[in-house]
Every structure is written in structure tokens, then in C-alpha cells.
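The values are calculated or read from the model by the stated rules, or taken from the named source; none is laboratory data. Treat the numbers as computed from the prediction; the structure is a model and nothing was measured. All Cβ positions, even for glycine, are placed from backbone atoms using ideal geometry, and neighbour counts span all protein chains on display.
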Amino acid sequence: MVSEYLNLLLADDDKDDCLFFTEALEELHASANLTTVHDGEQLMMMLTKKNADLPNLLFLDLNMPRKNGFECLAEIKLNKKLNGLRVIIFSTSSEQKTINLLYENGAQYYIRKPADFGDLKIVIEQALIQASQKTMSQPAKEDFIISGRLKLTAV
């Protein structure tokens with residue numbers, strides 16, 4: 001598992017998904033602090049607050065109220081303070097057009113929310129392993145999607 005302590009931020013309006021994510025993280029015994037926000041405006045206010053401590057990794061849902069994940073990703077990548085933030089899209093969408101657009105817009109990885117709790121633990125663990133590396137650059141397009149059954153390859 002990951003040896004470095006990580007500050008994680010989950011932006012997701014679905015309370016059940018947030019609960020499952022928290023439980024999976026606890027079962028992994030990850031050295032991490034998880035903060036959750038439930039809409040895009042709340043996310044962007046938190047990230048752009050003066051002297052805000054940025055998370056090591058942001059898990060970003062696409063379908064949120066007030067400001068969706070696409071809008072948040074665009075704002076993050078256009079903001080000099082935030083554009084180095086590691087963003088993993090965490091969504092139920094499986095449309096290839098959407099996934100391609102997210103890749104082009106600079107997300108590091110894409111996770112389709114698994115229905116299986118065991119798969120959820122696997123994708124979170126793989127994301128944390130990647131986040132603990134000194135540099136987490138965007139992988140080749142064919143390795144952009146993290147799934148519970150396929151392990152990430154080192155980038």
C-alpha cells in the first residue's frame with residue numbers, strides 16, 4: 001500500500017457513493033485524510049480559497065449540481081494555482097466520447113464507478129499508488145481508464 005500520507009478530496013453529490021468511498025478507504029487502511037464536497041461550487045470555493053491546502057488527489061464526479069465536473073475540470077486546468085492538481089474523474093458515465101473529452105481536457109485518470117465494493121477498493125488503491133509517486137503524469141490514452149478488474153500500469 002501507500003506509505004506517504006495523502007490528503008484526498010472527493011467531489012460527489014451522491015451521499016451513498018461518498019459513504020462507500022469512505023468505507024473502501026478505511027478498509028484499505030490507507031494513510032489518508034478524506035474531505036468530501038457535494039457540488040461543484042463548493043469544490044471550487046474550497047480550492048480557490050486564499051492559502052488553501054490543495055489535496056494530493058481530487059476524485060471528481062461529473063454530474064453534480066450548481067457546477068458539474070466538466071466545468072470544474074476546465075476551471076482547474078485554467079487556474080495557475082490549480083492546474084497541477086491531480087484530478088481523477090469518478091463517474092458512472094461510460095460514453096467513449098465523454099471519456100475522450102476528459103482525457104483531452106487534462107484529467108489524469110478516469111474511473112467508472114464500480115458496482116462491486118471489492119472493485120471499488122481496487123480502483124481506489126491503484127489511484128493512491130499512482131498519487132504517491134513523485135510525478136503523476138497523464139498516461140497513454142489506452143491506459144486512461146482505471147477499472148476494478150484491470151490494474152494500472154506504472155507511468
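For the range 33-60, the set of residues classified as among the hydrophobic types (A, V, I, L, M, F, W, C) and at pLDDT 90 or above consists of 34, 37, 43, 44, 45, 46, 47, 54, 57, 58, 59, 60, listed by residue number.
Scanning the range 112-131 for residues that are touching a Leu at 6+ places or on another chain (Cβ under 9 Å), under 21 Å from residue 73 (Cα atoms) and outside any helix (DSSP H, G or I) yields a count of 1. Tallying residues that are modelled with pLDDT of 90 or more, of a type outside the set (Ser, Thr, Tyr), out of contact with any helix residue (DSSP H, G or I) (no Cβ under 7 Å at 6 or more places or on another chain) and surrounded by fewer than 21 Cβ atoms within 10 Å (Cβ to Cβ) within the range 98-115 yields 5. Within the range 82-103, the set of residues being under 16 Å from residue 143 (Cα atoms) and of a type in the set (S, T, N, Q) comprises 94, 96, 98, 100. Across the range 12-27, a minimum of one residue is classified as surrounded by 13 or more Cβ atoms within 10 Å (Cβ to Cβ), in contact with a Cys (Cβ under 6 Å, 6 or more places away or on another chain), in a loop (DSSP other than H, G, I, E, B) and in contact (Cβ under 8 Å) with a residue 60 or more places away in the chain.
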